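The values are calculated or read from the model by the stated rules, or taken from the named source; none is laboratory data. All values reported here derive from a predicted model rather than from experimental measurement. Here the Cβ is made from the backbone with ideal geometry for all residues, glycine too, and neighbour counts use every protein chain on show.
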Amino acid sequence: MKLPTSIFFSLLLVSVSFITAAQTPVITKIAKFKPPVVQTFLGITRNGALVTKEEASQLVTLPLKITDAKKNAYAISSYQFLYKRKSVIQDEETGKKQSTFTTVADIFKATPLPEVWINNLQGGFQKDEVLYFFDIVVKDNTGRKFPAPDLRITIQ
């Protein structure tokens, strides 16, 4: 009775070693992608710029540009645009007028902004309003996507 048990365990040990050897994982190494340092522009305007109402009317017609230190341009995959609009409301009880802000935003896949947005924005800018491009995603020439810095422009 001892002989068949030892043969059984020997065969079991050999089977387990074959199964284990057959299941070695295949690991392929992928080079880690380090995105380039880029800057975001609207015309020649950078993040944090203060512009006049007239300049803002011209800027909204221009395409968003993403470039690196060597002036290489990157294609835009998507971005969000927010317009912080100033308006005036009147308190019903006191009759006092107060300034307030509302926001209008959307996500876009092409630049410049669509014509309907440009037409609605142009000519109506007021002091302290904000044009804000954010969540900008760009592609390099091999198709790898990476984020670009936000662009915030305040109207003075």
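A few points about this structure:
- Checked against (1) touching a residue at least 40 places away in the same chain (Cβ under 8 Å); (2) under 19 Å from P114 (Cα atoms), Q58 passes all but condition (1).
- Near pairs, Cβ below 6 angstrom, 6+ apart or cross-chain, from segment 127-156 (over 19 Å from G43 (Cα atoms)) to any residue that is at pLDDT below 95 and of a type in the set (V, I, T): none
- Among residues of segment 107-156, those that are within 29 Å of P36 (Cβ to Cβ), part of a loop (DSSP other than H, G, I, E, B) and touching a strand residue (DSSP E or B) at 6+ places or on another chain (Cβ under 8 Å), counted: 9
- Output for segment 116-156, where each listed residue is among the polar types (S, T, N, Q) and under 19 Å from A56 (Cβ atoms): N119, N120, Q122, Q126, T154, Q156
- When residues in segment 92-110 are screened for being surrounded by 11 or more Cβ atoms within 10 Å (Cβ to Cβ) and not small (G, A, S), 4 of them pass.
- Some residue of segment 73-85 being surrounded by fewer than 16 Cβ atoms within 10 Å (Cβ to Cβ), of a type in the set (A, V, I, L, M, F, W, C) and either farther than 26 Å from D128 by Cβ or in contact with a helix residue (DSSP H, G or I) (Cβ under 6 Å, 6 or more places away or on another chain) (or both): yes
- F146 being surrounded by 13 or more Cβ atoms within 10 Å (Cβ to Cβ) and closer than 14 Å to E55 by Cβ: no
- Test: residue in segment 111-130 that is at pLDDT below 95, of a type in the set (S, T, Y) and surrounded by 15 or more Cβ atoms within 10 Å (Cβ to Cβ): yes
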